[in-house]
Amino acid sequence: MTYPIIDGKVRTRALEYHIADHCNLRCDHCCSFSPVLKKWLADPAGFERDLRAVRRVVAPEFLKIVGGEPLLHPELERLLVIAKSLDVAPRI
């Protein structure tokens, strides 16, 4: 597969950002090693810094917020507001 470069940015279908390592479920097929991993949450300042850096070179169709279980992040709404304000992708 080739990725086109348009306006100096690599066009991709999706960009994933991992915001949590832990989960409150025990799914047999889990690839995130939940609940084995220690609780970890993305820092909103680091999240913003990373998205600012990546948006200069990547133009995804959508941004995926992933993790163990991203809905467990206590600042999920703040992270979504940051992602939307930075216009990293048309869909989150």
Flag if D43 is out of contact with any Leu (no Cβ under 8 Å at 6 or more places or on another chain), under 20 Å from D87 (Cα atoms) and of a type outside the set (K, R): yes
Positions within the range 71-91 being in a loop (DSSP other than H, G, I, E, B) and loosely packed, with under 14 Cβ neighbours inside 10 Å, in sequence order: P74, D87, P90
Top-ranked residue of the range 34-70 - restricted to ones that are in a helix (DSSP H, G or I) and either at pLDDT below 95 or not aliphatic (A, V, I, L, M) (or both), ranked as surrounded by the most Cβ atoms within 10 Å (Cβ to Cβ): F47
Pairs with Cβ under 7 Å, 6+ apart, first in the range 66-92 and of a type in the set (K, R), second in a helix (DSSP H, G or I): R78/P44
Cross-chain or 6+ apart pairs with Cβ under 6 Å, the range 10-23 first and within 12 Å of L51 (Cβ to Cβ), then at pLDDT below 95 and outside any strand (DSSP E or B): I19/P70
Failed item, numbered, when L25 is tested on (1) modelled with pLDDT under 95; (2) surrounded by 14 or more Cβ atoms within 10 Å (Cβ to Cβ): (2)
Single condition Y3 does not satisfy, out of (1) surrounded by 13 or more Cβ atoms within 10 Å (Cβ to Cβ); (2) of a type outside the set (V, I, T); (3) in contact with a strand residue (DSSP E or B) (Cβ under 6 Å, 6 or more places away or on another chain); (4) in a loop (DSSP other than H, G, I, E, B): (1)
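The values are calculated or read from the model by the stated rules, or taken from the named source; none is laboratory data. These numbers were taken from a predicted model, which means no experiment stands behind them. We place every Cβ from the backbone using ideal geometry, glycine too, and count neighbours over all the protein chains shown.
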